[in-house]
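S.K.: Right, I'll just put the structure down here and ask away after.
Values quoted throughout were computed directly from the atomic coordinates according to the rules given, and no laboratory measurement underlies them. These numbers were taken from a predicted model, which means no experiment stands behind them. Cβ sites come from the backbone with ideal geometry, for glycine too, and all protein chains shown count toward neighbours.
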Amino acid sequence: MTTQDHAIIAAEVAQLYRAHLGVGRARIGEMVGGQVEVESEGAWITTSDGERYFNAGGYGVFIMGSRHPRVLAEVERQLHTHPVGSRMFLEPAAARAAQLLTSVTPPGLDRVHFSGSGAEATEAAIKIARLSGHHRLISMHGGYHGKTIGALSVTAKELYQKPFQPLLPEVTHIPYDDTTALAAELERYGETACVIVEPVQGEAGVIIPAGGYLSTVRALCTEYGAMLVVDEIQTGLGRLGAWWGCDQEQVVPDILLSGKALGGGIMPVAATIATSESFALLERDPFLHTSTFSAAPLAMAAVSGAIAAIEEDDLTGRAAVLGLELATEIEAIAFRHFGSRVREVRARGLLIGIELTEPGMAGALLIDLVNNNVIANFSLNSTTVLRLTPPAIMTPDDVEFLLDRFERAARTTAEYFLER
Ligand SMILES: Cc1ncc(COP(=O)(O)O)c(C=O)c1O
């Protein structure tokens with residue numbers, strides 16, 4: 001394809017976005033260089049002009065990179081046999097995916113409701129909580145749980161909530177990593193409460209609580225008879241260097257949420273995984289909470305492939321080791337170029353956040369990274385944090401590439417800001 005062909009494709013796609021998918025989204029595409037992505041494999045994304053980008057973005061989806069062979073094999077087999085079910089008969093791909101998923105979740109979480117997005121997984125959790133009388137929802141400032149009306153009600157960010165009010169009633173937001181505030185809230189609401197929390201807040205900009213936070217939250221919920229939902233849609237499946245953030249503190253929630261990496265970088269799929277006690281009222285009537293494509297065989301094949309890939313490639317162990325290595329290097333580079341304008345570099349496993357002091361700096365660094373062939377993440381609930389979520393399948397050459405390009409991008413951004 002010639003440069004001219006590429007320019008035509010990119011212009012056409014941008015025009016179609018403007019016409020049908022939204023001018024705002026089209027504008028963001030332009031801001032980050034106007035490229036059009038057409039292919040992906042492993043840690044790399046290719047644009048229509050043949051350029052390759054290292055994918056340290058994707059909002060946490062790509063722990064096993066793109067088109068991991070194990071996931072691809074499962075999905076291809078399913079695609080050519082039985083991609084979507086009748087919903088009349090029982091179906092083996094769903095049964096197997098549920099069994100595999102619950103074999104890697106904390107003990108006692110053995111019931112699953114599958115859905116298509118993280119927000120839907122949150123919705124199901126809220127409905128399960130309400131069924132058992134836990135109608136007072138308590139979530140954390142900066143927490144992110146999705147943007148459907150129920151999920152948005154617990155996504156404590158005014159920017160996203162305000163235009164859609166009124167949202168669900170009986171929701172309170174308290175500071176993250178503050179067990180005193182939680183205890184006070186639970187004192188008021190007791191058994192009617194349902195607490196929803198992330199082990200590390202992703203969209204808030206990789207906010208890591210003090211050690212023991214999650215286990216204290218568990219203990220408080222148990223003490224007051226509240227339900228505990230731990231949202232691991234971003235942190236689960238190896239991202240933090242363990243299967244779940246819960247495992248790092250031996251916490252067993254009443255409900256665990258999974259998504260993003262659950263579809264193996266191939267299918268959109270999420271899950272609400274519950275104890276049999278929490279699930280009991282929902283499963284009594286199988287039509288109480290349904291969705292046409294819930295547990296569709298093609299998505300279920302991706303789940304089984306994803307879990308097998310994480311296990312067989314030891315992606316949890318790799319994420320822990322690679323995360324330590326990368327975080328140390330990235331912190332050194334950030335301080336070398338931004339000096340006192342680095343507020344903090346925070347990381348657990350391969351969830352890495354670089355917080356800068358000046359407004360606009362993180363956004364500029366993101367664009368400079370793209371100019372250096374690296375894709376990173378915005379943080380939806382923070383404008384000062386750039387997030388890196390590289391895959392755990394990275395090779396030593398990939399690590400070297402990422403660090404080299406991060407250094408170049410940081411130098412450019414810093415020069416621009418320091419000159420002003
Ligand atoms: C912790 C967490 N929960 C829920 C969601 C919502 O997932 P989705 O965007 O698939 O609806 C996200 C998305 O970023 C998330 O990070």
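S.K.: Given the conditions (1) within 12 Å of Ser117 (Cα to Cα); (2) surrounded by 24 or more Cβ atoms within 10 Å (Cβ to Cβ), and given that Ile255 satisfies all but one, which numbered condition is not satisfied?
M.R.: Status for Ile255: all satisfied but (1).
S.K.: Is there any pair with a first residue in the stretch 159-176 that is on the phi > 0 side of the Ramachandran plot and a second that is not β-branched (Val, Ile, Thr) whose Cβ atoms are under 6 Å apart and which are 6 or more apart or on different chains, and what are they?
M.R.: Glu170/His135; Glu170/Arg136
S.K.: If you go through the stretch 177-210, how many residues are away from the ligand (no atom under 16 Å from the Cβ) and touching a residue at least 24 places away in the same chain (Cβ under 8 Å)?
M.R.: Let us first name the residues in the stretch 177-210 that are away from the ligand (no atom under 16 Å from the Cβ), namely 178-193, 210.
Right, trim to touching a residue at least 24 places away in the same chain (Cβ under 8 Å) and you get 179, 182-183, 185-187, 189-193, 210.
Looking only at that region, the number is 12.
S.K.: Based on what the data block shows, is His113 crowded, with 16+ Cβ neighbours inside 10 Å and part of a loop (DSSP other than H, G, I, E, B)? Outline the logic, then answer.
M.R.: Numbers: crowded, with 16+ Cβ neighbours inside 10 Å: yes; part of a loop (DSSP other than H, G, I, E, B): no.
Considered against the rule, which asks whether it is crowded, with 16+ Cβ neighbours inside 10 Å and part of a loop (DSSP other than H, G, I, E, B), His113 comes out as no.
S.K.: When the stretch 234-258 is examined, which residues are found to be within 12 Å of the ligand (Cβ to nearest atom) and either outside any loop (DSSP other than H, G, I, E, B) or under 19 Å from Phe279 (Cα atoms) (or both)?
M.R.: Across the stretch 234-258, the qualifying residues are Leu256, Leu257, Ser258.
S.K.: Something else now. Out of everything in the stretch 78-94 that is under 27 Å from the mean Cα position of the chain (by Cα) and assigned to a helix (DSSP H, G or I), what residue ends up being surrounded by the fewest Cβ atoms within 10 Å (Cβ to Cβ)?
M.R.: Looking only at the stretch 78-94, we keep the residues that are under 27 Å from the mean Cα position of the chain (by Cα), and these are 78-79, 83-84, 93-94.
Next, from what is left, pick out any that are assigned to a helix (DSSP H, G or I): 78-79, 93-94.
Numbers: Gln78: 22, Leu79: 12, Ala93: 24, Ala94: 21.
Residue satisfying both the conditions and the ranking: Leu79.
S.K.: Turning to a different aspect of this structure: For residues in the stretch 215-233 being charged (D, E, K, R) and within 16 Å of the ligand (Cβ to nearest atom), which is surrounded by the fewest Cβ atoms within 10 Å (Cβ to Cβ)? If you could, list the steps in order and put the result at the bottom.
M.R.: First, the residues of the stretch 215-233 that are charged (D, E, K, R): 218, 223, 231-232.
In the following step, the residues that additionally are within 16 Å of the ligand (Cβ to nearest atom) were identified as 231-232.
Details: Asp231: 32, Glu232: 30.
Selected residue: Glu232.
S.K.: Then there's this: Of the conditions (1) more than 18 Å from Gly60 (Cα to Cα); (2) in contact with a Lys or Arg (Cβ under 6 Å, 6 or more places away or on another chain); (3) surrounded by fewer than 22 Cβ atoms within 10 Å (Cβ to Cβ), Asn381 clears all except one; give me its number.
M.R.: Of (1) more than 18 Å from Gly60 (Cα to Cα); (2) in contact with a Lys or Arg (Cβ under 6 Å, 6 or more places away or on another chain); (3) surrounded by fewer than 22 Cβ atoms within 10 Å (Cβ to Cβ), only one is false for Asn381: (1).
S.K.: Now a separate question. Give me the pairs: first residue in the stretch 392-419 and surrounded by 14 or more Cβ atoms within 10 Å (Cβ to Cβ), second residue among the hydroxyl-bearing types (Ser, Thr, Tyr), beta-carbon distance under 8 Å, and six or more apart or on different chains, which are they?
M.R.: Filtered contacts from the stretch 392-419: Ala392/Thr316.
S.K.: Is there any pair with a first residue in the stretch 249-272 that is under 26 Å from Leu131 (Cα atoms) and a second that is among the charged types (D, E, K, R) and near the ligand (Cβ under 10 Å from one of its atoms) whose Cβ atoms are under 7 Å apart and which are 6 or more apart or on different chains, and what are they?
M.R.: Taking only residues 6 or more apart or on different chains, the pairs are Leu256/Glu232; Leu257/Asp231; Leu257/Glu232; Ser258/Glu232; Ala270/Glu120.
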